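Everything on this sheet refers to the single structure shown next.
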Amino acid sequence: MGAGDASQFSRKTAIVGDLTIRYFKGSQGKPLLYLHGLAGWGRWETYHLALGMTNQVYAPQLPGSQDGHIPPGVPSVKDYARIMTQFLDVLGLETIDLVGHSFGGWIGLHMALDQPERIAKLVLADAMGLDVPASPATNLNELDKDALLTAAFAKTGVVLVAGDFGGALEDLRQGQEFKNQWRSRCLIAELVQGQYAAPELTQRLDTITADTLVVWGREDKLVPLRHGEILAERIPRQNW
């Protein structure tokens, strides 16, 4: 399998209960579920292509992220995990590798804890959800657009963003990437109502059975590095 295989993808939909879930499917190999964070949906990204070098990638758009509102009947993060498990059922996927970024990592943790037999390998990148009183995650409810822009991006203003022919200059504050971030921020803030720490989930980390890789940004301003260190300390079969 090479880069040509990984670059091939298709847009699909799956009916999960009353929800229509849009997703990308690309490449070949063992199935891998990619769960996005504040942004990371709406197009086949370079990291999807990279993951597609070894796996067949399924990258769903989390319900509600398109308009920033929680769908009916989804009152918690655990319900998102339930929906993603049902998504796997609809597609006939039994055992998968899972990559979760930020909010997607929070969902992925629930899936790894509640459906351990289905998750062979787990990658957690700047995952939300841990209860770390000494180093709490940022309360998204308290961020206006300017504060989110500063917290979510290493550079602001006009930057070069990826495009079809090498990239283009874009004002991040006005670009699609930030608009996606803001809509997801609204959804998560409405969903968790200020409760960004999940004590019960944190207490169960040592029961995760999947081979786990923890990846973190040292200067992450939304989820502190200490959260990643705790994941690395408590998950038995992990790499840092």
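The values are calculated or read from the model by the stated rules, or taken from the named source; none is laboratory data. Please read all numbers here as calculations on a predicted model, not as lab measurements. We place every Cβ from the backbone using ideal geometry, glycine too, and count neighbours over all the protein chains shown. For the accessible areas, the whole protein counts, side chains as well, though only heavy atoms, and no ligand, DNA or RNA atoms are used. Shrake-Rupley method; radii C 1.70, N 1.55, O 1.52, S 1.80 Å.
Quick notes on this one:
- Sequentially through segment 50-64, phi angles give Karplus couplings (6.51, -1.76, 1.60; θ = phi - 60°) of 5, 5, x, 5, 10, 9, 8, 9, 10, 10, x, 8, 4, x, x Hz, Gly and Pro residues having no value and appearing as x.
- Along its principal axes, segment 25-84 has C-alpha extents of 36, 20, 14 angstrom, given from the largest down.
- Sorting 48-54, 104-110 by their mean Cβ neighbour count within 10 Å, with the most densely packed peptide first, gives 104-110, 48-54.
- Compared with the alpha-carbon gap, the fully stretched path from ASP206 to ASP89 is longer by 39.5 nm at 0.36 nm per residue.
- Cross-link partners of LYS221 among aspartates and glutamates (Cα-Cα below 19 Å; sequence separation of 8 or more within a chain): ASP126, ASP131, GLU142, ASP144, ASP146, GLU177, GLU229
- Close amide-amide hydrogen proximity is noted between LYS30 and GLN56, each under 5 Å apart and 5 or more residues distant or on a separate chain (H modeled in the peptide plane; Pro and chain starts excluded).
- Residues of the chain: accessible area per residue with a 1.4 Å probe, Å²: 48 Å²
- Within straight-line reach of LYS25, meaning a Cα separation under 27 Å, sit the following lysines at least 8 residues removed in sequence or on another chain: LYS12, LYS78, LYS121, LYS179.
- Taking label points 7 Å from Cα along the Cα-to-Cβ direction, GLU190 and GLN176 give a separation of 2.2 nm.
- Average Cα contact separation per residue, the chain, under 8 Å, 6 or more apart, as relative contact order %: 20 percent
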